[in-house]
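The values are calculated or read from the model by the stated rules, or taken from the named source; none is laboratory data. Nothing here was measured: the structure is a model prediction, and the numbers come from that model. Here the Cβ positions follow ideal geometry from the backbone for every residue, glycine too, while neighbour counts run over all protein chains shown. Please note that ligands, DNA and RNA were not included when accessible areas were found on the heavy atoms of the full protein model with its side chains. Shrake-Rupley method; radii C 1.70, N 1.55, O 1.52, S 1.80 Å.
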Amino acid sequence: MEDTQGADPDNNLNRYSGRANLSVMPSPKFDMSLSMGYTTSDTELPAEAGFGGRVWTTILADARNLFNANGTPSPRRGFHSGLPEQYSSVYEFGQGVNRFTGSLSLNHQPLSWLRHRLTAGTDLTKEDNSILFRRVEDSLTKVSFGTEALGYREINNRAVNFYTLDYSANGTRDIGPSLRSVTSVGAQYYRNSTTFHFSCGSIFPTPGLTALSATTLPCSSSSGDVLEDATLGFFGQQQLGWRERLFLTAALRADDNSAFGKNFDRVYYPKYSMSYVVSEEPFWRWSAINALKLRAAYGESGKQPATFSALQTYTTATGPGDVATVTPQFIGNADLGPERAKELEFGFDLGALGDRVGIEFTSYRRNITDAILDREIPPSTGVPGTQPFNAGRVRNWGSEVMFRVTPVRRDNVDWNSTLGYSRNNSKIISLGTSQAILDLRRANGTPDFVSAGSFVRHQVGYPIGSYFEKRVVAASLAPNGTVIPNSVMCDDGAGGAKLCAGADLRYGTADDAPAVFIGTSLPRGEGSFGNTLSLWNKLRLYALLDFKRDYYKVDGNTRVRCTFFGNRCRENFYPGEYDPKRIAAIQSSRNLVDFFINNAGYTKLREVSVGYTLPETMAGRVGFNRAVVTLAGRNLRTWTKYPGLEPEAFFLGGARGGNFGQWEQTTMPQLTQWILSLNLDW
């Protein structure tokens with residue numbers, strides 16, 4: 001059971017979960033296991049981020065809203081939009097989730113050299129998502145929230161079901177005294193379906209009504225659908241082991257997916273790997289290094305297209321004489337296949353000084369081919385929109401390393417430290433067409449970004465999901481703090497500078513400075529540092545730091561304060577305190593925006609805990625074999641130069657959400673948590 005209340009009074013979580021596992025072995029050659037889990041939860045969410053809410057109205061508070069024009073106290077109490085309690089009285093956002101997971105596994109060994117297994121599993125999730133704007137007759141609320149105070153109801157129910165069936169068989173044979181062969185074959189079937197129903201309506205005729213059927217103005221966007229796809233795959237694998245120290249593996253997998261185009265049959269994915277425990281060879285003479293394993297692997301994998309993307313689809317329309325008919329919706333692509341990834345990696349595992357020092361290192365290089373992109377369709381086809389096709393190529397590379405050290409290992413004291421770090425890079429090789437840029441911003445043609453992906457683009461020669469914008473490199477201010485015309489210079493993309501735009505910084509003129517690479521939206525470096533100290537086999541102290549480096553995100557808080565509501569921006573009152581380049585961007589009417597695209601790197605003290613194992617005599621008195629009491633603190637401290645509220649927060653959906661173009665704005669930062677737990681074994 002979990003009952004959590006957030007800092008915002010409208011943010012609550014109630015969750016109940018349970019799991020049962022059963023294993024049966026009716027004979028030495030046969031066993032079966034059954035696992036079932038069920039979770040039910042109700043979550044209440046506050047209005048926040050781009051929608052508004054308590055954080056929004058507080059951050060943008062204005063002292064001028066404390067008093068009316070005649071000097072009497074204002075009922076707005078200085079807040080920007082609605083009062084905090086008004087957000088609670090008007091808005092309700094909720095989600096109910098019921099999830100069941102289950103699996104049945106049958107293991108059989110009919111012969112000493114043959115073992116096979118059949119596993120069936122399911123994951124069923126039902127979501128009930130609701131949005132309610134209550135009708136409120138309070139005059140101040142009507143002024144603050146406008147038509148939203150008249151009422152609105154939205155219901156979005158979704159069921160997501162996954163089904164799996166997996167069979168594999170392994171045959172083991174010794175080929176001589178030093179060589180062992182393991183042959184594996186199998187088949188896998190995956191099926192998933194998503195069912196959703198969306199309905200909404202607005203304006204309740206009187207306060208107190210909350211049902212969708214009570215609204216007087218139904219939405220035109222009510223909809224529902226069922227999305228299903230399935231994958232059937234077969235694989236074969238051969239492994240050879242020589243003296244239990246050299247292992248060679250080769251495998252081939254064939255997949256067919258229902259979302260492939262009708263002209264695309266199936267896809268094959270090979271895999272090869274090698275591992276060699278060098279330290280077990282007779283010639284190994286470095287006693288300080290007690291274990292060394294070298295490994296290398298090559299493999300291919302894929303990502304299937306979205307459901308229905310290969311099919312030509314139609315939508316309803318009104319024909320001549322108001323007769324119902326259909327019209328093309330999406331053109332589809334009968335040749336559409338999966339994205340393919342080909343990866344080569346190598347590394348080693350090392351243990352030294354009696355395993356008091358350990359190093360795990362991996363370096364990889366991945367090439368993604370046949371990436372699924374969208375291309376414009378000629379208007380002459382009569383079908384609107386875009387068409388998905390396989391074309392793009394992306395290269396990824398990087399490395400991961402993990403250090404393990406035991407500085408102290410004694411009877412009553414044991415100290416272990418781990419340091420992990422990974423570095424990841426990407427580069428777009430081709431977009432599949434003569435086009436070198438796939439711009440994800442300004443899709444609606446407006447200079448200020450309000451569309452998908454923010455300022456992010458995919459550009460050949462740069463990392464995927466990169467920020468591109470004009471970068472101000474020089475500016476001058478007049479004595480009164482205003483920008484001197486024609487003094488604002490931007491990076492020209494060739495190592496020099498040129499005028500960012502016209503004298504009035506108007507966006508879109510032919511002689512504008514180009515948008516240049518600002519940074520990537522995905523972290524290039526991340527890692528963690530943990531320490532565990534055990535004393536007298538009773539007391540356990542633990543601390544964990546984690547960090548991310550070298551990536552950028554939009555500080556929507558600064559954007560709103562300084563470009564939409566300038567009187568909330570200190571730079572507009574005291575420009576002489578700041579870099580002229582920043583002031584020039586702020587005064588450009590959102591045409592120069594690099595000042596709120598910031599490096600979001602951070603380090604967090606993620607957890608500190610103290611655990612104590614009660615003496616056996618004390619635990620035994622109440623019928624337990626072991627009892628452990630733990631006090632843990634999480635999200636205790638953040639070190640970052642990111643100027644927003646929370647470097648880890650960003651929009652998950654909507655026009656500003658998604659995997660690229662991280663945008664953080666008036667979102668409640670992560671809270672510090674203190675957790676007291678008692679674990680009992682009997």
Is there a residue in the stretch 430-450 that is of a type in the set (Ser, Thr, Tyr), more than 30 Å from residue 401 (Cβ to Cβ) and at pLDDT 85 or above? yes
If we keep just the residues of the stretch 257-300 that are open to solvent by 60 Å² or more (accessible area, probe 1.4 Å) and assigned to a strand (DSSP E or B), which is nearest to residue 345 (Cα to Cα)? 298
Being surrounded by fewer than 17 Cβ atoms within 10 Å (Cβ to Cβ), under 26 Å from residue 537 (Cα atoms) and at pLDDT 75 or above is true for just one of 409, 365. Which residue is that? 409
I'm told residue 149 meets every condition in (1) under 22 Å from residue 221 (Cβ atoms); (2) at pLDDT below 95; (3) open to solvent by 50 Å² or more (accessible area, probe 1.4 Å) except one. Can you identify the failing condition by its number? (3)
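Residue-wise test of (1) out of contact with any Gly (no Cβ under 6 Å at 6 or more places or on another chain); (2) open to solvent by 60 Å² or more (accessible area, probe 1.4 Å).
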position: 99; (1), (2): yes, yes
position: 114; (1), (2): no, no
position: 126; (1), (2): yes, yes
position: 155; (1), (2): yes, no
So, of the residues in the stretch 631-642 that are in a strand (DSSP E or B) and among the hydroxyl-bearing types (Ser, Thr, Tyr), which turns out to be surrounded by the fewest Cβ atoms within 10 Å (Cβ to Cβ)? 638
In the stretch 252-284, what residues are out of contact with any Ser or Thr (no Cβ under 8 Å at 6 or more places or on another chain), aliphatic (A, V, I, L, M) and within 30 Å of residue 339 (Cα to Cα)? 252, 254, 267
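A quick yes/no check of all residues on (1) part of a strand (DSSP E or B); (2) under 30 Å from residue 563 (Cβ atoms); (3) at pLDDT 95 or above; (4) small (Gly, Ala, Ser):
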{"residue": "589", "(1), (2), (3), (4)": "no, yes, no, yes"}
{"residue": "617", "(1), (2), (3), (4)": "no, no, no, no"}
{"residue": "629", "(1), (2), (3), (4)": "yes, no, no, no"}
{"residue": "647", "(1), (2), (3), (4)": "no, yes, no, no"}
{"residue": "669", "(1), (2), (3), (4)": "no, yes, no, no"}
Selection from the stretch 186-211 of residues that are surrounded by 17 or more Cβ atoms within 10 Å (Cβ to Cβ) and not in a loop (DSSP other than H, G, I, E, B): 186, 188, 190, 199, 200, 201, 202
Which one of 556, 527 is at pLDDT 95 or above, surrounded by 18 or more Cβ atoms within 10 Å (Cβ to Cβ) and within 26 Å of the chain's Cα centre (by Cα)? 527
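Table: residues versus (1) of a type in the set (D, E, K, R); (2) not in a helix (DSSP H, G or I).
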| site | (1), (2) |
| --- | --- |
| 526 | yes, yes |
| 530 | no, yes |
| 533 | no, yes |
| 544 | no, yes |
| 563 | no, no |
| 567 | no, no |
| 576 | no, no |
Wholly inside the stretch 10-123, strands (runs of 3 or more DSSP E) that include 1 or more residues that are free of Cβ contacts under 8 Å to residues at least 60 places away in the same chain, within 30 Å of residue 186 (Cα to Cα) and over 24 Å from the mean Cα position of the chain (by Cα) are 12-27, 91-111
When you scan the stretch 585-608, do you find a residue that is under 27 Å from residue 55 (Cα atoms) and without any contact (Cβ under 8 Å) to a residue 40 or more places away in the chain, even just one? yes
If you check residue 230 against the conditions, is it free of Cβ contacts under 8 Å to residues at least 60 places away in the same chain, open to solvent by less than 40 Å² (accessible area, probe 1.4 Å), in contact with a strand residue (DSSP E or B) (Cβ under 7 Å, 6 or more places away or on another chain) and among the hydrophobic types (A, V, I, L, M, F, W, C)? yes
When you go through 473, 516, 456 one by one, which is the residue that is in contact with a Gly (Cβ under 7 Å, 6 or more places away or on another chain), among the aliphatic types (A, V, I, L, M), in contact (Cβ under 8 Å) with a residue 24 or more places away in the chain and surrounded by fewer than 19 Cβ atoms within 10 Å (Cβ to Cβ)? 516
